Ligand SMILES: C[S@@+](CC[C@H](N)C(=O)[O-])C[C@H]1O[C@@H](n2cnc3c(N)ncnc32)[C@H](O)[C@@H]1O
């Protein structure tokens, strides 16, 4: 499947700057060779087709920069209908999102279905804010813990806490300080409803503005948020080059003044 990127020179420089701490000579040369092939084939055009080999290498290199291992897939055993498989949000999608959306020092983020923890380490590293990941698969949770240890070795200077919790997202008690909630298609609409209702109960009890960052929004998630909740879309960010239209972020916001209240 093709992966399209924009200016190849800009991208390769960005990749080197991002990864320069940790590239071996062999890896640098592999990237140079891949790019020189792409660039020489497309000399006069501004867009290039980047193959999945490049995509996977960029993913691995971004992992290396954080000292974590988050690539790959883990399926649930057969018969599990409500919990979706593990697969990480692509780094390229995260880089694109945070070109136009930012997190403040006062924000606290929860990733519901954090998998091996890519989101929480990436955001902790970029914004230095408290993050929590919740994961229901025991093996994946163990991997997230190993990643946390490895990541913290590198990020000792960042004081904000990182929590990785084992258990179902729908049972998580949301803290009054948490205000940014991340979802990459972790579970069925039935579970999603429960988690969103927990968020709404929390904001009614402790009024505050909250954002939902939703990667790969499915029709049922969108329909539920639109019809049954006061959340509004404030941002839409497509993942560069992806063919599947769902490969994008929708950012939803509930402003404090719009929190529905029950009449006494
Ligand atoms: C598509 S992955 C997303 C991983 C990560 N959030 C990311 O974007 O890189 C979804 C994850 O949610 C986990 N999951 C599924 N149902 C869950 C539940 N009810 N509670 C907690 N985690 C769950 C899966 O095991 C999987 O690791």
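The values are calculated or read from the model by the stated rules, or taken from the named source; none is laboratory data. Quick caveat: nothing in here was measured; it's all calculated off a predicted structure. In this analysis, Cβ positions are derived from the backbone assuming ideal geometry, glycine residues included, and neighbour counts consider all displayed protein chains.
Check residue 80 against each of (1) in a loop (DSSP other than H, G, I, E, B); (2) in contact (Cβ under 8 Å) with a residue 40 or more places away in the chain and name the one condition it does not meet.
(2)
For the stretch 95-112, what are the residues that are closer than 19 Å to residue 62 by Cα, away from the ligand (no atom under 15 Å from the Cβ) and surrounded by 18 or more Cβ atoms within 10 Å (Cβ to Cβ)?
Hits for the stretch 95-112: nothing passes.
Would you mind telling me which numbered condition in (1) surrounded by fewer than 16 Cβ atoms within 10 Å (Cβ to Cβ); (2) part of a helix (DSSP H, G or I); (3) touching a residue at least 24 places away in the same chain (Cβ under 8 Å) residue 177 fails?
Here residue 177 clears every test but (2).
Give me the pairs: first residue in the stretch 136-151 and within 23 Å of residue 80 (Cβ to Cβ), second residue part of a helix (DSSP H, G or I) and within 14 Å of the ligand (Cβ to nearest atom), beta-carbon distance under 6 Å, and six or more apart or on different chains, which are they?
If the second residue must be part of a helix (DSSP H, G or I) and within 14 Å of the ligand (Cβ to nearest atom), no pairs are left.
Can you tell me which of 133, 72 is at pLDDT below 95 and either over 23 Å from residue 238 (Cα atoms) or more than 7 Å from the ligand (Cβ to nearest atom) (or both)?
Criteria check complete, one pass: 72.
Which members of the stretch 186-215 meet the condition of being in contact with a strand residue (DSSP E or B) (Cβ under 6 Å, 6 or more places away or on another chain) and near the ligand (Cβ under 10 Å from one of its atoms)?
Matches in the stretch 186-215: 186, 187, 195, 213, 215.
In the stretch 208-245, which residue that is assigned to a loop (DSSP other than H, G, I, E, B) and at pLDDT 95 or above is nearest to residue 180 (Cα to Cα)?
209
Identify the single condition in (1) modelled with pLDDT of 95 or more; (2) more than 14 Å from the ligand (Cβ to nearest atom) that residue 153 does not satisfy, given that it satisfies every other one.
Only one criterion is unmet by residue 153, namely (1).
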